[in-house]
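The values are calculated or read from the model by the stated rules, or taken from the named source; none is laboratory data. If you're wondering where the values come from, they're calculated on a predicted model, not measured in any experiment. Here the Cβ positions follow ideal geometry from the backbone for every residue, glycine too, while neighbour counts run over all protein chains shown.
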Amino acid sequence: MARILIVYSTTDGQTLRICERLRGILEARSHEVDLVPVSHAVDAELDRNDTIVLGASIRYGRHQPAVVEFIERNAQALNRKAGAFFSVNIVARKPGKNQPQSNPYVRKLLGRIKWRPREVGVFAGKLDYPRYGILDRTVIRFIMLLTGGPTDPKAVVEFTDWRQVEAFGELIARL
């Protein structure tokens, strides 16, 4: 049994849902799991855990600044632990963009940080136009128009492949 800390940053809640699924998988394997938002993850928590998992969403082509700050502030501690990172973004809905080596956001982030997680995952997110404010809905619809995605302002489309999430959870369980 390992102590596992899952730290997350979510914009619309899908990353949190993925983290909750991972927690369920890990707890079913008798691991002790804490789930905390990146804004509440403090340095002391890292030392108490055997494995650190960080999940982060993308909005407008960027991970939230708090994610990068957390990694930069804790890179040494993160590198001493078994670790995993995953990104949640709509681009990952496309074949060829759903792997760490091919997803532009993951490649960019991993190229600029000093943390080298043992496992890296990329999951497609959820598009939920009715939940967005007018500005986000308009901008996201325009992006979807340019990239061949759904543009119906009433559309709710979950692109997340939950079998892929479960497979990632099994990888983490073995760390």
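What number of residues within the stretch 70-92 are among the basic types (Lys, Arg) and out of contact with any strand residue (DSSP E or B) (no Cβ under 6 Å at 6 or more places or on another chain)? First the steps, then the outcome.
Start the filter on the stretch 70-92 by keeping residues that are among the basic types (Lys, Arg), which leaves 73, 80-81.
Of the ones still in play, those that are also out of contact with any strand residue (DSSP E or B) (no Cβ under 6 Å at 6 or more places or on another chain) are 73, 80.
Summing the residues that are among the basic types (Lys, Arg) and out of contact with any strand residue (DSSP E or B) (no Cβ under 6 Å at 6 or more places or on another chain) in the stretch 70-92 gives 2.
Of the set (1) of a type outside the set (Val, Ile, Thr); (2) within 19 Å of Arg118 (Cβ to Cβ); (3) under 17 Å from the mean Cα position of the chain (by Cα), all apply to Asn89 but (2). Residues in the stretch 117-139 that are under 16 Å from Glu170 (Cα atoms), buried (at least 19 other Cβ atoms within 10 Å of the Cβ) and in contact (Cβ under 8 Å) with a residue 40 or more places away in the chain: Pro117, Gly121, Phe123.
Here the stretch 127-175 is the region considered, the condition is being of a type in the set (Asp, Glu) and within 22 Å of the chain's Cα centre (by Cα), and the residue that is farthest from Val7 (Cα to Cα) is Asp136. The number of residues in the stretch 159-175 being within 16 Å of Val122 (Cβ to Cβ) and either free of Cβ contacts under 8 Å to residues at least 24 places away in the same chain or not in a loop (DSSP other than H, G, I, E, B) (or both) comes to 10. Looking across Pro117, Pro95, one residue alone is modelled with pLDDT of 95 or more and either outside the structural domain of Val139 (by TED's automatic domain parsing) or part of a loop (DSSP other than H, G, I, E, B) (or both). It is Pro117. For the stretch 1-86, the strands (runs of 3 or more DSSP E) that sit wholly inside it and include 3 or more residues that are over 13 Å from the mean Cα position of the chain (by Cα) and touching a residue at least 40 places away in the same chain (Cβ under 8 Å) are 3-9.
Going through Ile6, Ile58 one at a time, which residue ends up being out of contact with any Cys (no Cβ under 9 Å at 6 or more places or on another chain) and surrounded by 14 or more Cβ atoms within 10 Å (Cβ to Cβ)?
Working: Ile6 fails: out of contact with any Cys (no Cβ under 9 Å at 6 or more places or on another chain).
Exactly one of Ile6, Ile58 is out of contact with any Cys (no Cβ under 9 Å at 6 or more places or on another chain) and surrounded by 14 or more Cβ atoms within 10 Å (Cβ to Cβ), namely Ile58.
Name the single residue that is nearest to Arg59 (Cα to Cα) among those in the stretch 12-40 being among the β-branched types (Val, Ile, Thr) and crowded, with 18+ Cβ neighbours inside 10 Å. Before the answer, list the steps.
Looking only at the stretch 12-40, we keep the residues that are among the β-branched types (Val, Ile, Thr), and these are 15, 18, 25, 33, 36, 38.
Narrowing the set further to residues that are crowded, with 18+ Cβ neighbours inside 10 Å leaves 15, 18, 25, 33, 38.
Details: Thr15: 12, Ile18: 17, Ile25: 27, Val33: 27, Val38: 16 Å.
Residue satisfying both the conditions and the ranking: Thr15.
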